[in-house]
Amino acid sequence: MSSESKPLGDTKRTTLHRVPHKEVKDREVLHQILDAALVGHVGFVQDGQPFVIPVAIARDGDALLLHGSKASRLFKTLASGAPCAVSVTHIDALVLARSAFESSMNYRSALILGVARELEGDEKIRAFDALTDHLLPERRATLRPMNDDEIRQTTILSLPMDEASVKISSKFPADDEADLSWPVWAGNIPIEHKYGTPIPDPRMTTPLPLPDYLERWPEGRT
Ligand SMILES: Cc1cc2nc3c(=O)[nH]c(=O)nc-3n(C[C@H](O)[C@H](O)[C@H](O)COP(=O)(O)OP(=O)(O)OC[C@H]3O[C@@H](n4cnc5c(N)ncnc54)[C@H](O)[C@@H]3O)c2cc1C
């Protein structure tokens, strides 16, 4: 079965036990969570010690792309075939209950387990483009082309999303009936993530107008 058609959370390691009704099986939702994220936290074990390192991510079909320096401990370890876990989370709201116990957050989060594969040749170049376009769509084509040194100095990894899970919390406070009359404000505070106004680089040799894709940014993002 290709990973595209594989349901989420269908392995022993990715089956939710705690609050299982928050599990989402739809792979399209996994894609949406990843496409809306710039960073993932990559966990791996080196000499018995777990590490969790944040890195830029981009989705390529049903694989997750990661890129980093050839000299990076993280990338050397993953390229050697070490298993890893990547976690991506969006926080959507504070959930302010009448008790500390029930106070929480609304979120969309994904976990991917697997072994990454190092990309070379054309696959590597395409992955560079995907990572750059994920950071800001349409920009890649306008940049100075990468040179051989830059390509050589970078490791690009592709992590198949064969084994993944998604958990989504979207609720109002779950206070007990007996607490509803407690005299404190309760409800949700939505959290919005916004981009600010572009600030030109003071070292821009010729002042240039904002490109179209930035004029439309971020509303133009699909
Ligand atoms: C922003 C945020 C805040 C949270 N705060 C807390 C907190 O304070 N305390 C707390 O106990 N829990 C919190 N959670 C939930 C937490 O992520 C775990 O789901 C929970 O602690 C159960 O962990 P477990 O290993 O016992 O889960 P299990 O259900 O035993 O995990 C089994 C499998 O389910 C999947 N899974 C579990 N959790 C997630 C997830 N969040 N996203 C994707 N897949 C998942 C994984 O594949 C995992 O291997 C929070 C989650 C988020 C995103």
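Being closer than 15 Å to residue 6 by Cα and either at pLDDT below 95 or surrounded by fewer than 23 Cβ atoms within 10 Å (Cβ to Cβ) (or both) is the filter; apply it to segment 161-172 and report the residue that is nearest to the chain's Cα centre (by Cα).
Step one: list which residues in segment 161-172 are closer than 15 Å to residue 6 by Cα, which gives 161-166.
Next, from what is left, pick out any that are either at pLDDT below 95 or surrounded by fewer than 23 Cβ atoms within 10 Å (Cβ to Cβ) (or both): 162-163, 165.
Numbers: 162: 16, 163: 16, 165: 13 Å.
Once the filter is applied, the top-ranked residue is 165.
Just one of 157, 131, 135 is within 27 Å of residue 110 (Cα to Cα), touching a Leu at 6+ places or on another chain (Cβ under 8 Å) and surrounded by fewer than 16 Cβ atoms within 10 Å (Cβ to Cβ); which is it? Explain how you work it out, then say what you get.
Values: 157 fails: surrounded by fewer than 16 Cβ atoms within 10 Å (Cβ to Cβ); 131 fails: surrounded by fewer than 16 Cβ atoms within 10 Å (Cβ to Cβ).
None of the other options fit; the residue is 135.
The rows are residues; the columns are (1) over 25 Å from the mean Cα position of the chain (by Cα); (2) at pLDDT 95 or above.
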residue: 149; (1), (2): yes, yes
residue: 159; (1), (2): no, yes
residue: 174; (1), (2): yes, yes
residue: 205; (1), (2): yes, no
residue: 208; (1), (2): yes, no
residue: 222; (1), (2): no, no
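For segment 154-222, list the strands (runs of 3 or more DSSP E) that sit wholly inside it and hold at least 2 residues that are under 29 Å from residue 75 (Cβ atoms); which are they?
Values: elements: 154-160, 163-169, 187-190.
Once the strands (runs of 3 or more DSSP E) in segment 154-222 are filtered for at least 2 residues that are under 29 Å from residue 75 (Cβ atoms), what remains is 154-160, 163-169.
Which of the following residues is within 18 Å of the chain's Cα centre (by Cα), within 15 Å of the ligand (Cβ to nearest atom) and within 30 Å of residue 174 (Cβ to Cβ): 41, 17? Before you say what the answer is, go through the steps one by one.
Details: 17 fails: within 18 Å of the chain's Cα centre (by Cα).
After ruling out the rest, the residue left standing is 41.
Quickly run through segment 80-102 and pick out the residues that are over 30 Å from residue 156 (Cα atoms), surrounded by 14 or more Cβ atoms within 10 Å (Cβ to Cβ) and aliphatic (A, V, I, L, M).
Listed by number, the residues that qualify are 93, 94, 95, 96, 97.
I'm checking my understanding of the structure. Among residues of segment 1-14 that are within 13 Å of the ligand (Cβ to nearest atom) and in a helix (DSSP H, G or I), which one is surrounded by the fewest Cβ atoms within 10 Å (Cβ to Cβ)?
Filtering first and then ranking leaves 12.
Select from segment 52-73 the residues that are in contact with a strand residue (DSSP E or B) (Cβ under 6 Å, 6 or more places away or on another chain), over 24 Å from residue 140 (Cβ atoms) and away from the ligand (no atom under 14 Å from the Cβ) and list them in ascending order.
53
The values are calculated or read from the model by the stated rules, or taken from the named source; none is laboratory data. In this text the structure is predicted, and so the values were computed from the model without any measurement. No Cβ is skipped: glycine too gets one built from the backbone with ideal geometry, and neighbour counts run over all protein chains shown.
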